[in-house]
Amino acid sequence: MNRTAAIRVVVGEDQPIFRDGLVHILKQEGFDVLGAWGNASELLAQILALAPDVVISDIQMPPHRTDDGLQAVLEARQAHPEMGVLMLSQYLDASYVIDLVADNAHGVGYLLKEKVADIAILVDAVNRVAAGGTALDPDVIEALVSRPRKPGPLDSLTRRERTVLELIAQGLSNASIAQTLEISTGAVERHVAHIYAKLGLREGRGDHRRVLAVLEFLKQ
Amino acid sequence: MKESSGDRIRAERTADQWRLNLARRLHEGPQQQLVDIIIQLSRADQTWTERPQESRQFMELAAAEAQRALEGIRDLVKDIYPMILATRGVEPALHSLALRLPFPLELDVPSNVVSPDLDDTVYFLCFHALIDVPSHDEVAAARLAIVSTGKRLVIEVKFEGNGTASGTMHAWLDPLHHRLAAREGLVEVKVESNRNLLLIIEIPVAG
């Protein structure tokens, strides 16, 4: 990871204790925090003015407290399509995640709020979305993979292949999967090829295309 | 269909039962877990200077317990009112509900088949049909389809495998009847070939 220029981050969060904690952790980890705002309309104005590398924002925010944070970030992305976004939420719905990613998976992350307490997960997610990757909450992906379903191609995966499938869906690259599982990239590539063949998926170019393909499959 | 006082009393009892159930889940789940967290933190504080290793273990236990409490609250909130229903409507909300059921659910809900003013009604009808159905563990699979005939909205839920559940034991339908009374809708329960349970719910839609 190139750390010569710190990643410039804007934070959207209305709960003061959580906001201060998040900003503190980010600064501690070497991110350049440009500021934090607790209102979606202000947040939007600041993103447009500051053009950060990454926005980390709560989905539920004032003024309406529904998905104002998400709407503000999506609007800001129209102006800055290269900007990474990491959405935080008290609740995570798999179908929400899929819709968000389907819109444009480039540089999108989605984490449960409490994952911020696991600094390694937070830092990894920010770095990934900053680099244009995807970072989806492992718990949501796990729920999606292990939900009850009728017998189908997923049953034919080995345990290892299931694990690899989950990591793909979270947005990890082959290299990151290799590192996580402590196996070679070649071995990961073979697993991926087997998974694709068994599930009848077509090989997509680019990491976020394959995230989408896998999520679409898991959604069925 | 006119609502009798018997219906109203039954509706009230259903609502009270629902509240009691929520209160129990809060007491036994997150509330108890918060108490456990306080105790673990105070033990961490006690051991902090003399046995820091032990103190750290208590903090880790507290953090893990907080995690479980959050999960419990999230499940509870989803049962009260899933936020995805408010922000995205009935179709995504049903997909999300499907992920939490112990059996596979196939959904056939064309987008826009439900008008936004009926989102909540339709969602909670489906919710009660899917959650309250007896013999959950016998259900091998289920299918939920929503069609509109223009004048009526028909929700058809088919459960495979729990059709032996006595057709006369319909107390579980109370929340559905309660909701349907307000909308002048109706529900029909059928048992197919002694195996499948079929639920047909109809509500009139404003033309």
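What follows is calculated from the coordinates using simple rules that are stated; it is not laboratory data. All values reported here derive from a predicted model rather than from experimental measurement. We place every Cβ from the backbone using ideal geometry, glycine too, and count neighbours over all the protein chains shown.
Please order B:81, B:123, A:196 by the number of other Cβ within 10 Å, starting at the fewest.
Fewest to most other Cβ atoms nearby, the residues stand as B:81, A:196, B:123.
Which angle between 0 and 90 degrees, to the nearest 10, do you get for helix A:119-130 versus the longest principal axis of chain A when only C-alpha atoms count?
Helix A:119-130 and the main axis of chain A meet at about 90 degrees.
Residue by residue through A:60-72, how many Cβ atoms from other chains fall within 10 Å of the Cβ on average?
Numbers: counts 2, 0, 0, 0, 1, 2, 4, 5, 1, 0, 1, 1, 0.
For peptide A:60-72, the averaged partner shielding equals 1.
Taking the Cα centre of region A:1-108 as origin, sum charge times position over the Cβ atoms of Lys and Arg (+1) and Asp and Glu (-1), and report the length of that vector in debye to the nearest 20.
That gives a dipole near 300 debye.
So what are the radius of gyration and Dmax for the Cα set of region B:70-138, in Å?
Calculated on Cα positions, Rg and Dmax stand at 12.2, 34 Å.
Provide, for chain B, the number of lysine pairs with alpha carbons under 26 Å apart, each pair being eight or more places apart or on different chains.
Eligible lysine pairs with Cα atoms under 26 Å apart amount to 5.
Cα centroid distance between region A:173-215 and region A:1-80, in Å?
So the two Cα centres are separated by 31 Å.
Order of A:165, B:173 from fewest to most other C-beta atoms within 10 Å?
B:173, A:165
So how do B:19, A:77, B:68 line up by other beta-carbon neighbours within 10 Å, fewest first?
Details: B:19 10, A:77 20, B:68 14.
Ascending Cβ contact count within 10 Å gives the list B:19, B:68, A:77.
So what's the Cα pair-distance distribution over region B:25-68, bin width 5 Å, in %?
6, 28, 28, 18, 11, 6, 3, 1
Measure nothing fancy, just the Cα-based angle from helix B:52-80's long axis to the longest principal axis of chain B, in degrees from 0 to 90, nearest 10.
Approximately 10 degrees, to the nearest 10.
State whether region A:1-86 is rounded, prolate or oblate according to the following rule on the C-alpha gyration tensor (a ≥ b ≥ c being the square roots of its eigenvalues): a/c under 1.5 gives rounded; otherwise a/b larger than b/c gives prolate, and the remaining case gives oblate.
oblate
Can you tell me which lysines have their Cα less than 24 Å from the Cα of residue A:27? Leave out same-chain residues fewer than eight positions away.
Residue A:27 reaches A:113, A:115.
In degrees between 0 and 90, to the nearest 10, how far off the longest principal axis of chain A does helix A:94-103 point, with axes built from Cα atoms?
With both axes taken from Cα atoms, the answer is about 80 degrees.
Can you classify chain B as rounded, prolate or oblate using the Cα gyration tensor, where a ≥ b ≥ c are the square roots of its eigenvalues, rounded means a/c under 1.5, and otherwise it's prolate if a/b beats b/c and oblate if not?
Prolate shape, in that a/c is at least 1.5 and a/b is the bigger ratio.
Let me check I have the definition right: for the protein assembly as shown, take the eigenvalues of the Cα gyration tensor, multiply each by 5, take square roots. What are those semi-axes in whole Å, largest first?
Each semi-axis is √(5λ); the values are 40, 27, 24 Å.
To two decimal places, what compactness ratio does region B:121-207 give when its Cα radius of gyration is scaled by 2.2 N^0.38 Å?
Ratio of Rg to 2.2 N^0.38 Å for region B:121-207: 1.05.
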